[in-house]
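The structure appears below as structure tokens.
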Amino acid sequence: MIIIKEDIYSKEEIEKLKEQFEFYIKTVFDVEKGICCAGCDRHFDCEQLLLKNGSKQENLWGGGIDVSSKIIDYNSFINIRPKQNNRSNEIQDSKIREIYEKLTQKFFKELL
């Protein structure tokens, strides 16, 4: 189940997001607007929903959370952006990583 939010996910919503992979939740954040789209099969799916809702491509970054270890990762094919000097699946810009981490901690406060 994909859920787009502008605020904290509830425990019930987190349980729904875990349905896709059980121990992992894929997330895409609009780091400019502070919006999260989570629960997708592929980061591309969340990316497309956020684009349809008015987000700009350069502000969308993907990763996820390992539910059991509580580790946040910054890895997604949508992060490969040579024009933004991101030539890897990993978010390489330390400022963007920091924003992504803070947003993850905010939205998934009930999990982390």
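Derivation of every value follows stated rules applied to the coordinates shown; laboratory data play no part. Computed from a predicted model, the values in this text were never measured in an experiment. Don't worry about glycine lacking a Cβ; one is built from the backbone with ideal geometry, like all the others, and counts go over all protein chains shown.
Here are the numbers:
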quantity	calculated
222 nm mean residue ellipticity, helices alone, for the chain (DSSP H n ≥ 4; -39,500 (n - 2.57); rounded to 500)	-8000 deg cm²/dmol
Pairwise FRET efficiency - residue 90 versus residue 32, Cβ, R0 = 22 Å, nearest 0.05	0.65
Integer Hz, Karplus 6.51/-1.76/1.60 couplings in order for segment 69-78, x for Gly and Pro	8, 6, 8, 8, 10, 10, 10, 6, 4, 5
The chain: relative contact order in percent, alpha carbon pairs under 8 Å with at least 6 residues between	26 percent
Read-out P(r) over Cα pairs in 10 Å bins from 0, in percent, derived from the coordinates shown; its label in [x] 16, 54, 28, 3; [y] 12, 34, 30, 16, 6, 1, 0; [z] 14, 44, 35, 8	[x]
Förster-model FRET efficiency, 22 Å R0, residue 101 and residue 58, C-beta, rounded to 0.05	0.70
